[in-house]
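The values are calculated or read from the model by the stated rules, or taken from the named source; none is laboratory data. Only a predicted model underlies this, so the values are computations on that prediction, with no experimental measurement involved. In this analysis, Cβ positions are derived from the backbone assuming ideal geometry, glycine residues included, and neighbour counts consider all displayed protein chains. Areas reflect the complete protein model, heavy atoms only, side chains present, ligands, DNA and RNA absent. Shrake-Rupley method; radii C 1.70, N 1.55, O 1.52, S 1.80 Å.
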Amino acid sequence: MTNTLIVKYETDNGVVQLSPEIVRRYLVSGDSSKVTDQEIMMFIKLCEYQKLNPFLREAYLIKFGNEPATLVTGKETFTKRAAKSKLCNGYEAGVVVQKKDGSIEYRKGTLVAPNETLIGGWAKVYRKDWNTPLETSVSLSEYERRTKDGKLMSNWAKMPATMIRKVALVQALREALPEEFQGLYSPEEMPVDDSKLPQKPVEINAEYEVKDEPEVKMITTEQKKKIWELAQSKGMNADELKLFLLSTIGKESSKEMTFVEAETVLKELEQYHKEEEIELKDEGILFEG
């Protein structure tokens, strides 16, 4: 894969430009030397398709050792997009707790009393074009993330209610609003320690910034006039000029002619002699005087 590949797209926070070299150097969390070209391209295409700005930590490419890379979105991406969605009409989310007497309660928020057991999370998402909300619930035991030595990852140990509520919410949002969240997964859903993900926006060194291509100067009205007058002075008619342009710069019209191409045409016209007759093969006047 060439590192000169550049992908440019619009986001809510401005234009983003990505290349494999920029991703590998600045946007890999973990071991950037182990990330594959395919994983980098998957990350770039996901960011482009979903209009994510990885420099503002809206998306992460996580790679450790020889394990497959993990692609996750930033913590606030789901709720920010839900707030802007034209289809979303709000949502509710909370935790599922088992009380001391054995009864189960679906509770808004993340409050769990010391004598209660947290067993899961739940969420509802309302769409403006639906009569009933989409509801989902998830089990805590299925999503608790642990390190290789079996210990709970930091945030799952410190705030399990917050984590499982978020899992339920993002799953409900993704199912209810696939147009907004297709292919997006939150850190809480994946086997990563989200407490270690960097939050500070990424700053790129000037040497790696992708520069905009210089604007191409197009043919001027004065050049058009000079070309037509010079062609007429050489005894050319419109059809002959059309073929002359085609043989000189590969274009039959002045519509997309650049300033440099116009100068080339003028230079060649100066050396043109009527006896070098151009055979007419096409009909129609395409040159705009």
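So the values come out like this:
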quantity: Residues satisfying the stated conditions in the stretch 63-76, i.e. of a type outside the set (K, R), open to solvent by 10 Å² or more (accessible area, probe 1.4 Å) and at negative phi; calculated: F64, N66, E67, P68, A69, T70, L71, E76
quantity: Scan of the stretch 22-54 for residues that are open to solvent by 20 Å² or more (accessible area, probe 1.4 Å), touching a residue at least 60 places away in the same chain (Cβ under 8 Å) and in contact with a helix residue (DSSP H, G or I) (Cβ under 8 Å, 6 or more places away or on another chain), ordered by number; calculated: R25, Y26
quantity: Filter result for P198 (within 25 Å of A82 (Cβ to Cβ) and either surrounded by fewer than 17 Cβ atoms within 10 Å (Cβ to Cβ) or more than 24 Å from the chain's Cα centre (by Cα) (or both)); calculated: yes
quantity: Pairs where the first residue, in the stretch 84-95, is under 9 Å from Y126 (Cα atoms) and the second is of a type in the set (D, E, K, R) and part of a strand (DSSP E or B), C-beta under 7 Å, 6+ apart; calculated: L87/R127; C88/R127; N89/R127; Y91/K124; E92/K108; E92/K124
quantity: Qualifying residue in the stretch 137-148 (condition: open to solvent by less than 60 Å² (accessible area, probe 1.4 Å) and free of Cβ contacts under 8 Å to residues at least 24 places away in the same chain); calculated: yes
